[in-house]
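Remarks on the structure that follows.
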Amino acid sequence: MSELLAHTGTIAAIATAVVPQQGSVGIVRVSGDHAIAIAQTLFSAPGKQVWSSHRILYGYIRQPQTKQIVDEALLLIMKAPRSFTREDVVEFHCHGGIMAVQQVLQLCLENGARLAQPGEFTLRAFLNGRLDLTQAESIADLVGAKSPQAAQTALAGLQGKLAHPIRQLRAQCLDILAEIEARIDFEEDLPPLDEQRIISEIDQVTLEITKLLATKDKGELLRTGLKVAIVGRPNVGKSSLLNAWSQSDRAIVTDLPGTTRDVVESQLVVGGIPVQVLDTAGIRETVDQVEKIGVERSRRAASAADLVLLTIDASAGWTDADQEIYEQVKHRPVILVINKIDLLETSSQITQKSLNKRTTETQRTQRSRDGEGVFYDEVFREEDDQFIRKVVKTAAAQNQGIDGLETAILEIVQAGKVQAADMDLAINQRQAAALTKAKIDLEQVQKTIIEQLPLDFWTIDLRGAIYALGEITGEEVTESVLDRIFSRFCIGK
């Protein structure tokens, strides 16, 4: 980021995705003192079109020396300070694809601009007072949003709904600091401080910080999504479940066990939460080398998943193989999916009597010898109850039970105090770290007051809390903080 702060001048970058044969429009953005001069050098606007701010011109982009036409385009002019960066900005709206935008960018670089660093347009918007840091981070979240709810939360941050409460808390701390410092400088002229009132005011600030910290998990959930692994032995209907859930034919479905040899992925949205669903190879002992690799990948996928859908065949019941898989995945939150219920004679063959009912190893072995599967409600020990969070019945081949599965997932999410909807704001990891630092400092201030230490000691941690809150919005900022934030942006943002 020191490079970004050291470099000035006019910057240029492609502001839209560059994909062959995709997109009808590609945008090259230029910002800085020479932006308009570069546009006047490259762009030819026929007729009597007026070159004024916030006007769109039609014309041609030409090679300055040869006057050869590079593209037919539109030119958008935004003069400072009425632009995203609060500098002079021009945008060439070219034809999409690869060649047109690449050629136009190269012409801009040859005529006075330099290539922008990642996030440099947004960095300039921040440095020029157009945005605070929470709004800048919200732009990145909005661009990368994986669900409508994630986009809405990012938009709320862009509108300042996070910055406003942070600034209020910082202002309260500054008021407390001013009152304490006034007593240090003019102790004889002012009445003594009301220590209990100061402690109470700090309590109020700490409570609000705690409320903001409670949004971290749901913010991470919206940004990164939920990783769900469908696991089970071969031919229990895992691929059918993925296909029914995603309403597509992502996975091959046959009656032959072991059809799925690798992890098949699908992206879904459940209750506003992005969900990455992984259909894994059936877990079993095998001599097939390819299937062995698939089984090992399945185990790794289950270990890395936020939630495991342990799928069993209702017509077979709970088998020793299911028990072995369960032992491998029970360290993760588990939903038991009883699939193929359409193959049962009556739905009463599977009932959730109790997850705690005991069955001895001898009984399970005897049932296995008799060719009968032990049903799930007969095998779980009392200590296992914490692992099986929900039980869902499905007939994936008939598209039955998917709504119940999604409801179970959302209930688990909400049980973890992560709300799936109505999230007005949500903090990220950097903001959470700063809020945690502020909270610890404020608690230390209260401890200092209770221990009757001199007023000078009160101000040390109070200043630390004020600095931490200022880091969130950018009132207090270092190059390393800016580096962490803006290096994650794309070049043209």
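The values are calculated or read from the model by the stated rules, or taken from the named source; none is laboratory data. Fair warning: this is a prediction, and the values are worked out from it, not measured in the lab. Note: ideal-geometry Cβ built from the backbone for every residue, glycine included; neighbour counts use all protein chains shown. Accessible surface is based on the protein model in full, side chains and every heavy atom, while ligands, DNA and RNA are left aside. Shrake-Rupley method; radii C 1.70, N 1.55, O 1.52, S 1.80 Å.
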Q: Identify, from the list Gln40, Gln49, Gln63, the residue that is surrounded by fewer than 17 Cβ atoms within 10 Å (Cβ to Cβ), over 21 Å from Ile11 (Cα atoms) and of a type outside the set (A, V, I, L, M, F, W, C).
A: Gln49
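Out of all the residues in the stretch 139-152, which are under 18 Å from Ala125 (Cα atoms), in contact (Cβ under 8 Å) with a residue 60 or more places away in the chain and open to solvent by 20 Å² or more (accessible area, probe 1.4 Å)?
Across the stretch 139-152, the qualifying residues are Ala140, Asp141, Val143.
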Q. From Asp255, Asp313, Asp279, which residue is of a type in the set (Asp, Glu), more than 29 Å from Pro148 (Cβ to Cβ) and at pLDDT 70 or above?
A. Asp313
Q: Working only within the stretch 80-108, note down all residues that are within 20 Å of Thr122 (Cβ to Cβ) and either small (Gly, Ala, Ser) or surrounded by fewer than 17 Cβ atoms within 10 Å (Cβ to Cβ) (or both).
A: Ala80, Pro81, Arg82, Ser83
Q: Report yes if some residue within the stretch 217-226 is acidic (Asp, Glu), closer than 30 Å to Gln328 by Cβ and open to solvent by 20 Å² or more (accessible area, probe 1.4 Å); otherwise report no.
A: yes
Q: Starting from the stretch 124-138, take each residue that is at positive phi and list its partners that are open to solvent by 10 Å² or more (accessible area, probe 1.4 Å) and part of a loop (DSSP other than H, G, I, E, B), counting only C-beta distances under 8 angstrom and pairs at least six apart or across chains.
A: Gly129/Arg86
(Q) When you scan the stretch 423-444, do you find a residue that is under 20 Å from the mean Cα position of the chain (by Cα), hydrophobic (A, V, I, L, M, F, W, C), at pLDDT 85 or above and surrounded by fewer than 17 Cβ atoms within 10 Å (Cβ to Cβ), even just one? (A) yes
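If you take the residues in the stretch 445-475 that are acidic (Asp, Glu) and either open to solvent by less than 80 Å² (accessible area, probe 1.4 Å) or not in a helix (DSSP H, G or I) (or both), which one is nearest to Arg488 (Cα to Cα)?
Quick first cut of the stretch 445-475, residues acidic (Asp, Glu) only: 451, 456, 461, 471, 475.
Next cut, either open to solvent by less than 80 Å² (accessible area, probe 1.4 Å) or not in a helix (DSSP H, G or I) (or both) only: 451, 461, 471, 475.
On the way: Glu451: 44, Asp461: 31, Glu471: 18, Glu475: 21 Å.
Applying the filter and picking the extreme gives Glu471.
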Q. Of all strands (runs of 3 or more DSSP E) completely enclosed by the stretch 1-93, which ones contain at least 2 residues that are of a type in the set (A, V, I, L, M), at negative phi and within 35 Å of the chain's Cα centre (by Cα)?
A. 11-14, 25-31, 69-78
(Q) Out of the residues in the stretch 153-165 meeting the condition of being free of Cβ contacts under 8 Å to residues at least 40 places away in the same chain and closer than 22 Å to Gly271 by Cβ, tell me which one is farthest from the chain's Cα centre (by Cα). (A) Leu155
Q: Mind listing whichever residues of the stretch 476-491 are open to solvent by less than 50 Å² (accessible area, probe 1.4 Å), farther than 21 Å from Arg167 by Cβ and either of a type in the set (Ser, Thr, Tyr) or in a helix (DSSP H, G or I) (or both)?
A: Phe486
Q) Checking Leu169 against (1) buried (at least 16 other Cβ atoms within 10 Å of the Cβ); (2) of a type in the set (A, V, I, L, M); (3) touching a residue at least 24 places away in the same chain (Cβ under 8 Å); (4) farther than 15 Å from Ile427 by Cβ, which single condition isn't satisfied? A) (4)
Q. Among the candidates Arg130, Arg183, which residue alone is assigned to a loop (DSSP other than H, G, I, E, B), over 23 Å from Ala17 (Cβ atoms) and either at pLDDT below 85 or open to solvent by 60 Å² or more (accessible area, probe 1.4 Å) (or both)?
A. Arg130
